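The values are calculated or read from the model by the stated rules, or taken from the named source; none is laboratory data. Nothing here was measured: the structure is a model prediction, and the numbers come from that model. Note that each Cβ is placed from the backbone with ideal geometry, even for glycine, and that neighbours are counted across all protein chains shown. Note: areas computed on protein heavy atoms with side chains; ligands, DNA, RNA excluded. Shrake-Rupley method; radii C 1.70, N 1.55, O 1.52, S 1.80 Å.
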Amino acid sequence: MEEGHSHSDAHSAHKEGFWRRYWFSTDHKVIGLQYGFTALLFLLFGFGLMLLMRWQLASPGVEIPLLGALTPEMYNQFGAMHGTIMVFLGIVPLAVGAFGNYVVPLQIGAPDMAFPRLNMASYHFYFWGGVVMLSSFFVPEGAAKAGWTSYPPLADIETMGQTMWLWGMVLLITSSLLGAVNFIVTIIQLRAEGMTFFRLPFFVWAQFITAFLLLLAFPPLEAAGFLQLADRLLDTSFFLPSGLVTADGPLEVAGGGSPLLWQHLFWFLAHPEVYVLILPAMGIVSEILANNTRKPLWGYRLMVWSVIFLGFFSFIVWAHHMFITGMGTTISAFFQITTMIISIPSVVILSALMITLFGGSIRFNTAMWFALGFLPMFGIGGLTGLPLGLAPTDIPLHDTYYVIGHFHYVVAPGTIFALFAGIYYWFPKVTGRTMNETLGRIHFWGSLVAMNGIFFPMLIQGMPGVSRRLFDGGLTYSFAEGVMHYNVVMSVSAFILLLFQLPFIINFFMSIKRGKKVEKSNHWESTTLEWSAAPTPPIGHGNFATIPTVYHGPYEYSVPGYESDYCPQEVPIDLSTSDTAKSVES
Amino acid sequence: MAEEMTLEDVKRHVKVYITVFIALAILTVVTVAVSYLHMPFTPALLVALAIATVKAALVALYFMHLISEKQVILWVLLSAGVFLAGMFALFLGAHADQEAVATLATLILSSHVA
Amino acid sequence: MQIPYEVKARPDTGVNNAKLGIWLFLASEVMLFGGLFAAYVFLRIGADAWPGMMMYGEETMAERADQILNVPLAFVNTMILIASSVTMVMAWASLKMDRFDRYKLYMGLTILLALGFLVVKGFEYGDKFDHHWYASTNNFLGVYFVLTGLHAIHVTGGILVNAYFWGPGTKMWKRGTARDKAHFTNRIEVAGLYWHFVDLVWIFLFPTIYLI
Ligand code: HEM
Ligand SMILES: [Cu+2]
């Protein structure tokens, strides 16, 4: 970075034009907001695709206003793009790009990210990756139809939309690599004085491990993406076995490739990716729980070690997605064992969070409600994963709605609730105003009920074996008869969920303009630096007038003998007089 | 590399670079020469990989200064190395296991047909 | 506010930001090429024959890669890349010795050698096309073209970076303050790390694709 113009100082800020300030900004807070707004729009769009699919599933063949009856081709496009958009363009950018970008430098006491211009580039790669993905709807025969997993041989012989999907992924992977390098360097190099690794807020730890997962797991998928591009554009046969016959007759390719190779490379990324989806969420929830129970996080160190362990193990469990590929018992045993082992740290973190609740005088605000909602929902998601991790039970459940139910419990009422919690929690930091609590409650309770209405029946439908990705939801299968009526329940719930997002959208935009102004900078009386030391919101350019020095761990709430019930990290306390504090600090 | 390098240090480094260059050139000649012997596959592979590893190590240690690099960087590389090794081992393991299953299945099927 | 440790190393980690950043990037590159190599191994052990059926003289079974690929050319290319690694590291050492003229010379040589590598590569590819051997012919040639092709893209990227630091990028050095000079030297070290990595990938590609 060149000196002086690497990022904006306060006095140069007013000279910058609109584009420089809001579009080509190098300020991590602006980039965080760019990520946030873009990702929320993508989430809404991906949700919309899913609503159309649910409409079709509840009443197959019905005419949808403006769109007409869905064709199977459209259904497949919507399905593939729903998954892709939600994972790669919605949740990860929101959790990492938005929350990570905005909060991490503030929490560690850094003036910005380590490489502000790379940070900007990362957003722009993401944005254009999204544009490529969306524009694939308009190419001949439409967007990719091979699912978010893009399994060959189907994906190899798919229509042009699949090529767009691959180029879009290349852009998104580039974006997340730039971001990951930036996060890791920032966290290692730019911690304020006294901010040792074991004084980092748990949210920062979660982002740190997440960045490592993105850094090391994405490249093999990029490699696989290049190979699939070669298959499609250069007519190679990396993923095409010999003697393949399609509806149009035998394929004229050399053959000799392996579809399983794609699955290995894909899941080598995609299992760590599911932890990318969940770790930042755990981080957000931890911050909010500690703040609203006014207690130190129970077992902070244990949680940190668990998250490191999770990150490490997430690289060697991937083939639990491939139990029915004809895998032998030896290797299958290996992956079953690692899968069972990796559920331990998840349980540790969840338990630590629950124990944190014990004996706290809990402040119930909307952020806290969403964080509380996360706990049981993530619990259901994780527990339903266990039968999937064991081959004998996975074989009948694989590729059924049970799997869809499992991971949606983790990601939807799990991660997305945590993200909502984060929005309600950090909104006053960004805008200097609070969001409306009543609308927030409506949003929470409505969403909680609707989410369960959508995803619980999926678990029930999956058990008799209703397959995922069916255009008619399983109408033609006799074993599905008994559970078909749940399709209506789920679809109605999905529209109810949409309805209950309206209070959020209204609340969000209204509060930006008219929300109640916060009385003090540290609105939630929090101990972490982004609240206690950073300037009063809305923060302009630059983070701290002077970089604070950190004296103790992140969650010194209710320290016995201390004047207030929270002691910010940059305020020295004499820990020798306090037993509780000492045990946290040690 | 340490910031506080003196002129003398740099000159010493330059000598090392030239030596490493010569070693790399010789090893390249050796690996090509060995390939003209047309050894059976396994020994050929082992020799080629061994020589490549030595060459790569020379480049990494001396040209990329890993020999005197800081701990953080070694940790980063170690993590990549571990995951890479895991990937290779499990890819190969999965493949071998799958082959075994396929052979077994063919055996069972053929015995049923017969 | 200035980002700390852009030029100077952070005392407790001992490195500056760019140094750590480039090594993280290289770690991801290790995984990228590692993934490609793993794919290569996976395909090869699953193949009935390797390199397999080829138009080679008559249509015959090729038994060894060197019947298809041009080992002498690849040998020359290996030497070129190794030499360019040396000139690159010499360019950096020249800056350390405050010899800007020598830096220009060595960096210029590095760029020329890299261009030479690409020219040789171009001849190699052209020769394959003349035989009607394409990436689609079989997976052996597919692996050959895609892996060496991605490597060539990395070489091209390196040339662009180095050309920038040979030309317009030298502005920073020419500003002449001690900090600017140290900063520029760091940048050349970082560019060098990338360049050596590209060399390192080739060191594995050459024997595994051409020789066995
Ligand atoms: C905690 C323990 C967990 C276990 C034991 C577990 C296990 C599994 C298994 C074995 C499958 C494959 C099922 C099949 O295809 O037959 C699966 C699918 C899936 N899991 Fe989990 N999981 C866990 C947690 C998570 C978490 C935290 C997430 C992410 C946020 C997640 C997201 C997914 C996704 C997205 C899929 C489906 C991928 C697809 O086929 O499209 N899981 N899980
Ligand atoms: Cu998994």
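Just checking, which of A:387, A:413 is within 24 Å of the chain's Cα centre (by Cα), crowded, with 19+ Cβ neighbours inside 10 Å and either closer than 22 Å to residue A:281 by Cα or within 15 Å of ligand 2 (Cβ to nearest atom) (or both)?
So the residue among A:387, A:413 that is within 24 Å of the chain's Cα centre (by Cα), crowded, with 19+ Cβ neighbours inside 10 Å and either closer than 22 Å to residue A:281 by Cα or within 15 Å of ligand 2 (Cβ to nearest atom) (or both) is A:413.
Tally up the residues in region A:312-344 that are among the small types (Gly, Ala, Ser), free of Cβ contacts under 8 Å to residues at least 60 places away in the same chain, touching a helix residue (DSSP H, G or I) at 6+ places or on another chain (Cβ under 7 Å) and on the phi < 0 side of the Ramachandran plot, please.
Here the count works out to 4.
Kindly indicate whether residue A:284 is open to solvent by 10 Å² or more (accessible area, probe 1.4 Å) and within 15 Å of ligand 1 (Cβ to nearest atom).
The answer is no for residue A:284.
Check whether at least one residue in region C:58-77 is within 25 Å of residue A:182 (Cβ to Cβ) and within 19 Å of the chain's Cα centre (by Cα), and report yes or no.
No, region C:58-77 contains no residue that is within 25 Å of residue A:182 (Cβ to Cβ) and within 19 Å of the chain's Cα centre (by Cα).
Can you tell me which residue is nearest to the chain's Cα centre (by Cα) among those in region A:524-540 that are surrounded by 22 or more Cβ atoms within 10 Å (Cβ to Cβ) and outside any loop (DSSP other than H, G, I, E, B)?
A:530
Within region C:120-137, take every residue that is open to solvent by less than 20 Å² (accessible area, probe 1.4 Å) and not hydrophobic (A, V, I, L, M, F, W, C) and give me the one that is nearest to residue C:52 (Cα to Cα).
Only one residue fits best here, namely C:128.
Identify the single condition in (1) within 10 Å of chain B (Cβ to nearest Cβ); (2) within 14 Å of ligand 2 (Cβ to nearest atom) that residue A:274 does not satisfy, given that it satisfies every other one.
(1)
Within region A:135-157, track down each residue that is in contact (Cβ under 8 Å) with a residue 60 or more places away in the chain and open to solvent by 20 Å² or more (accessible area, probe 1.4 Å).
Hits for region A:135-157 are A:137, A:141, A:145, A:148, A:151, A:153, A:157.
Does any residue of region C:55-69 turn out to be at pLDDT below 95 and within 24 Å of residue A:219 (Cβ to Cβ)?
So far as region C:55-69 goes, no, none of its residues is at pLDDT below 95 and within 24 Å of residue A:219 (Cβ to Cβ).
State whether one or more residues within region A:247-266 are of a type in the set (D, E, K, R), open to solvent by 10 Å² or more (accessible area, probe 1.4 Å) and away from chain B (no Cβ under 14 Å).
Among the residues of region A:247-266, at least one is of a type in the set (D, E, K, R), open to solvent by 10 Å² or more (accessible area, probe 1.4 Å) and away from chain B (no Cβ under 14 Å), which makes the answer yes.
Give the residues of region A:311-342 that are part of a helix (DSSP H, G or I), surrounded by fewer than 18 Cβ atoms within 10 Å (Cβ to Cβ) and either among the small types (Gly, Ala, Ser) or not assigned by TED's automatic domain parsing to the domain that holds residue A:374 (or both), sorted by residue number.
Once the filter is applied, which keeps residues that are part of a helix (DSSP H, G or I), surrounded by fewer than 18 Cβ atoms within 10 Å (Cβ to Cβ) and either among the small types (Gly, Ala, Ser) or not assigned by TED's automatic domain parsing to the domain that holds residue A:374 (or both), region A:311-342 yields only A:333.
Among the listed residues A:442, A:460, A:454, which satisfies the condition of being away from ligand 2 (no atom under 16 Å from the Cβ), surrounded by 20 or more Cβ atoms within 10 Å (Cβ to Cβ) and either without any contact (Cβ under 8 Å) to a residue 40 or more places away in the chain or hydrophobic (A, V, I, L, M, F, W, C) (or both)?
A:454
Among the residues of region A:313-322, is there at least one that is more than 13 Å from chain B (Cβ to nearest Cβ), farther than 16 Å from residue A:278 by Cβ and within 15 Å of ligand 1 (Cβ to nearest atom)?
No, that holds for no residue.
Could you please let me know if residue A:356 is in a helix (DSSP H, G or I), in contact (Cβ under 8 Å) with a residue 24 or more places away in the chain, of a type outside the set (Lys, Arg) and more than 16 Å from ligand 2 (Cβ to nearest atom)?
Here the answer is yes, as residue A:356 does meet what is asked.
Just wondering, is there one or more residues in region C:148-158 that are open to solvent by less than 10 Å² (accessible area, probe 1.4 Å) and closer than 20 Å to residue A:224 by Cβ?
Taking every residue of region C:148-158 in turn, at least one turns out to be open to solvent by less than 10 Å² (accessible area, probe 1.4 Å) and closer than 20 Å to residue A:224 by Cβ.
Please work out which one of (1) more than 7 Å from chain A (Cβ to nearest Cβ); (2) over 26 Å from the mean Cα position of the chain (by Cα); (3) open to solvent by less than 10 Å² (accessible area, probe 1.4 Å) is the condition residue C:84 fails and give its number.
All conditions pass for residue C:84, except number (2).
Residue-wise test of (1) farther than 20 Å from residue C:127 by Cβ; (2) in contact (Cβ under 8 Å) with a residue 40 or more places away in the chain.
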residue: C:26; (1), (2): yes, yes
residue: C:29; (1), (2): yes, yes
residue: C:35; (1), (2): yes, no
residue: C:68; (1), (2): no, yes
residue: C:72; (1), (2): no, no
residue: C:99; (1), (2): yes, no
residue: C:104; (1), (2): yes, yes
residue: C:110; (1), (2): yes, yes
residue: C:114; (1), (2): yes, yes
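I'd like to check something: does region B:2-15 contain any residue that is touching a residue at least 24 places away in the same chain (Cβ under 8 Å), among the hydroxyl-bearing types (Ser, Thr, Tyr) and at the interface with chain C (Cβ under 10 Å from one of its Cβ atoms)?
No - not one qualifying residue is present in region B:2-15.
Name the residue, out of A:374, A:378, that is more than 9 Å from ligand 1 (Cβ to nearest atom), within 24 Å of residue A:279 (Cα to Cα) and touching a Gly at 6+ places or on another chain (Cβ under 8 Å).
Going through A:374, A:378 in turn, the sole match is A:374.
Exactly one of (1) in a helix (DSSP H, G or I); (2) under 16 Å from residue A:150 (Cβ atoms); (3) in contact with a helix residue (DSSP H, G or I) (Cβ under 6 Å, 6 or more places away or on another chain); (4) facing chain C (nearest Cβ under 9 Å) is unmet by residue A:167. Its number?
Looking at each condition in turn, residue A:167 falls short on (4).
Determine whether residue A:118 is within 14 Å of chain C (Cβ to nearest Cβ) and open to solvent by 10 Å² or more (accessible area, probe 1.4 Å).
The answer is yes for residue A:118.
Tally time: how many residues in region A:470-485 are exposed (fewer than 14 other Cβ atoms within 10 Å of the Cβ) and part of a loop (DSSP other than H, G, I, E, B)?
So the answer is 2.
Of all residues in region A:231-271 being of a type in the set (S, T, N, Q) and part of a loop (DSSP other than H, G, I, E, B), which is farthest from ligand 2 (Cβ to nearest atom)?
A:242
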